[in-house]
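Below: the structure, in structure tokens.
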Amino acid sequence: MSQRSCLSIILAAGEGTRMKSAMPKVLHAIAGLPMVAHVVKAAEAAGATALALVIGHGAEEMRKAAQKFAPRAETFVQERRLGTAHAVLAAREAISKDYDDILVMFGDTPLIDAGVLAAARQKLAEGAAVAVIGFRPPNPTGYGRLVEKGGRLAAIREEKDCSEAEKKIGFCNAGMMAVAGKHALRLLDKVGNSNAKGEFYLTDIVEIAGAEGLDVVATEASFESALGINNRAELAEAEGIWQGRRRREAMLSGVTLIAPETVYFSHDTEIGADTIVEPNVWFGPGVKIASGARIHAFSHIEGATIASNCDVGPFARLRPGADLKQKAKVGNFCEIKQATIEEGAKVNHLTYIGDARVGAGANIGAGTITCNYDGYSKFFTDIGEGAFVGSNSSLVAPLTIGKGGYIASGSVITESVPDDALAFGRARQKTLPGKGRELRERFASAAAAKKRVAE
Ligand code: UD1
Ligand code: MG
């Protein structure tokens, strides 16, 4: 089948009023990726060689977003929403390019899996003119019903046009279908709008193709994979299903999730075998974790690369550009941004490391802060291999601490420190014997005198 060319037409012109959003519905995200981008991924995985995106509402925003998630896609504007067949025909120019297969998909069914689409294409390869993707929703109300006659798919009837008998049919139209390219334009051009809604229904091509004596078949998808999203409750439901699938996939590939239902993945999270993820961990986009790492509870990680056998958290925050090399350790209440933590280095407690490199085996004491920003620009801190930074130090960038450098705790370091040097950046301690008691007595008698005056 791979040699058959395939155009995927994704309908996304709808307003999505029930989302109650300023943003077009299909740009709302599942696992950090717009719904319509999930649909694009499924189309590509099912072998689509070209993509047409039919947009309408929020066209400018849609075009801009599409440049990111589907740079190859051609966009077509459907000026007036006159029905699904009318929407498909907005891409007339693309349809007329002689593709073997045309996959019509909806931008708001983000869980569609490539296998379902490939199965429909397979039917075309076997000679069908139209392969409809059907499903059996728990409640069929509102869906088009697949009307079969003599074991063959004869028509799709929209709810509003159904007879009482047809309303009892449980096998419904999921909305998506595969159409043979050589028949597509002719069939679509025959669609009229004499129905209850006065719309041009894509579903009418089933009857039209049947009347021409062409072969029309139905394939079946699971209810979940055909779930259409109309409001934010359904968006959350789809997110839940997506996360469930991804967690399972991670576990089956060798990742231990102690409480899987509390771990959130992004669409692009990569995580190696024998990594253990404790409860309540969030992965934002762009995270890559090698094998054998341990991510402790309540860590928030995005845009970070974590090498094998690293130890992160609990309560760690890794921001974009955090790059932990093998066996690095980032402990509780530490934030790392745009910084490399070299092999075996330790940043264990209450620390901010930003725009920096921490050399191999270096030890960063509790409460260390890289002061990387002066309100206008960011500056770099380079900490050498094996350096020791004492607790509660402020490292004012730009700054270099040499290999084996040693910073006394409580220092404010503003000048670079050579290899193996010891640097203090604080006033020396002075201890005055007996002065503590003397001071306390003086304060106590002053307070007593004040009280007497008040009485
Ligand atoms: C459609 C199917 C129905 C199926 C259901 C599954 C038709 C006629 N009906 O009904 O059989 O059971 O999906 O969810 O196809 N769109 C446009 N432009 C338009 C009209 C629609 O871009 O002019 C887009 C919408 O944004 C949406 C998709 O097409 O993504 C489906 O349209 P919608 O109005 O939701 O169709 P349904 O009535 O749900
Ligand atoms: Mg719908």
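What follows draws every value from the coordinates through simple rules; no lab data is involved. Predicted, not measured: the structure shown is a model, and the values here were computed from it. Don't worry about glycine lacking a Cβ; one is built from the backbone with ideal geometry, like all the others, and counts go over all protein chains shown.
Quick notes on this structure:
- Rounded to the nearest Hz, the phi-derived 3J(HN,Hα) couplings of segment 295-312 under the Karplus curve 6.51 cos²θ - 1.76 cosθ + 1.60 (θ = phi - 60°) are 10, 6, 3, 6, 9, 10, 10, 9, x, 10, 10, 10, 7, 5, 6, 7, 10, 10, where x marks glycine and proline.
- In terms of the mean number of neighbouring beta-carbon atoms within 10 Å, the peptides 167-175, 201-209, 418-426 order highest first as 201-209, 167-175, 418-426.
- Label point 7 Å beyond Cα of Lys190 along Cβ direction - residues of segment 201-231 with amide nitrogen under 18 Å: 201-218
- Within straight-line cross-link reach of Lys190, aspartates and glutamates at Cα separation under 15 Å, skipping those fewer than 8 residues along the same chain: Glu199, Asp204, Glu207, Glu212
- Two-site label geometry, Ala449 and Phe380: point separation in nm, points 7 Å out along Cα→Cβ: 6.1
- Asp268-Gln429 FRET efficiency (beta carbon distance; Förster radius 35 Å; 0.05 resolution): 0.10
- Pairs exceeding 19 Å between alpha-carbon atoms, taken from Lys97/Lys182; Lys149/Lys197; Lys41/Lys337: Lys149/Lys197; Lys41/Lys337.
- With the charge dipole of segment 1-138 set up from +1 on Lys and Arg Cβ and -1 on Asp and Glu Cβ about the Cα centre, the Cα lying farthest toward the positive end among the listed residues Leu7, Ser21, Phe106 is that of Ser21.
- For segment 279-285, 3J(HN,Hα) computed residue by residue from phi via the Karplus equation (6.51, -1.76, 1.60; θ = phi - 60°) reads x, 6, 10, 10, 10, x, x Hz, glycine and proline entered as x.
- Under 5 Å, built H, 5+ apart or other chain: amide partners of Met176: Ile133
- Pairwise label distance in nanometres, Ser308 with Ser416, each label 7 Å out on the Cα-Cβ vector: 3.5
- Considering only Leu33, Ala427, Thr414, and ranking their Cα positions along the charge dipole of the chain that arises from unit charges at the beta-carbon of Lys, Arg, Asp and Glu, the one farthest toward the positive end is Ala427.
- Net dipole in debye of the chain [+1 Lys, Arg Cβ; -1 Asp, Glu Cβ; about Cα centre; nearest 20]: 1740
- Segment 202-251 versus segment 66-116: alpha-carbon centroid distance in Å: 15
- Residue (of Ala307, Ala73, Ile295) at the positive-pole extreme of the chain, dipole from beta-carbon charges: Ile295
- Here the Karplus curve 6.51 cos²θ - 1.76 cosθ + 1.60, taken at θ = phi - 60°, turns the phi angles of segment 46-61 into couplings of 8, x, 4, 9, 9, 10, 10, 10, 9, 10, x, 5, x, 4, 5, 4 Hz, with x standing for Gly and Pro.
- Share antiparallel - DSSP beta bridges, segment 1-155, percent rounded to 5: 25
- Using a Förster distance of 35 Å, the FRET efficiency for Glu249-Ser163 (Cβ separation, nearest 0.05): 0.20
- Long pairs among Lys288/Lys346; Lys25/Lys123; Lys288/Lys329; Lys20/Lys64, criterion Cα-Cα beyond 23 Å: Lys25/Lys123
- Rounded to 5, percent antiparallel among DSSP beta bridges of the chain: 20
- Cut-off under 5 Å, modelled amide H: who pairs with Ala339 long-range: Ala322, Asp323, Asp355, Ala356
- Close amide H contacts of Phe76 (hydrogens built in the peptide plane, cut-off under 5 Å, sequence separation of 5 or more or a different chain): Leu53, Val54, Ile55.
- Using 0.36 nm per residue and subtracting the Cα-Cα separation, the extra length available between Glu15 and Asp98 on full extension is 26.8 nm.
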